[in-house]
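The values are calculated or read from the model by the stated rules, or taken from the named source; none is laboratory data. Remember, it's a predicted structure, so these values are computed and weren't measured experimentally. We place every Cβ from the backbone using ideal geometry, glycine too, and count neighbours over all the protein chains shown.
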Amino acid sequence: MRSLVLVVRFLLELALVAAVGWSAWMLSDGVWRWVLALAVPALVVVLWARYLSPKAAVELPPQARFALELLLFAVAAVFLSSAGASAAAATLAAVWVVHRVALALTDDVRSPLEG
């Protein structure tokens, strides 16, 4: 079960990056469309790698990690909704919430994917 939760987590990370990239593209125009469609996902990847990944360079307290993750997914959902993809925004938010519950319920179980 824990392995499945971790696979879903990885897919959510990919969906997060895709969501902010697509939203940045849809919500901007001209040269800014290209700049933002590349820069916003890159910023999300840097934040995730530096603070939220299993091998993060900076160790945050659990509450701060949760707050940052919540912020990233909330911003992605708002961006998706603003770009006209309300169903995608609701789906991303709902899957993230269900995933966080599943992650908490399997917290004491180790997976082969965790090394």
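D107 satisfies every condition listed in (1) surrounded by fewer than 17 Cβ atoms within 10 Å (Cβ to Cβ); (2) modelled with pLDDT of 95 or more except (2). Against the list (1) hydrophobic (A, V, I, L, M, F, W, C); (2) closer than 23 Å to S3 by Cβ; (3) free of Cβ contacts under 8 Å to residues at least 12 places away in the same chain; (4) assigned to a helix (DSSP H, G or I), the condition A56 fails is (4).
Count of the stretch 10-50 residues, restricted to those that are surrounded by fewer than 16 Cβ atoms within 10 Å (Cβ to Cβ) and touching a residue at least 60 places away in the same chain (Cβ under 8 Å), is 0.
Scanning the stretch 54-77 for residues that are within 13 Å of the chain's Cα centre (by Cα) and surrounded by 12 or more Cβ atoms within 10 Å (Cβ to Cβ) yields a total of 12. Looking across A88, A18, A67, one residue alone is assigned to a helix (DSSP H, G or I), within 22 Å of D107 (Cβ to Cβ) and out of contact with any Asp or Glu (no Cβ under 8 Å at 6 or more places or on another chain). It is A67.
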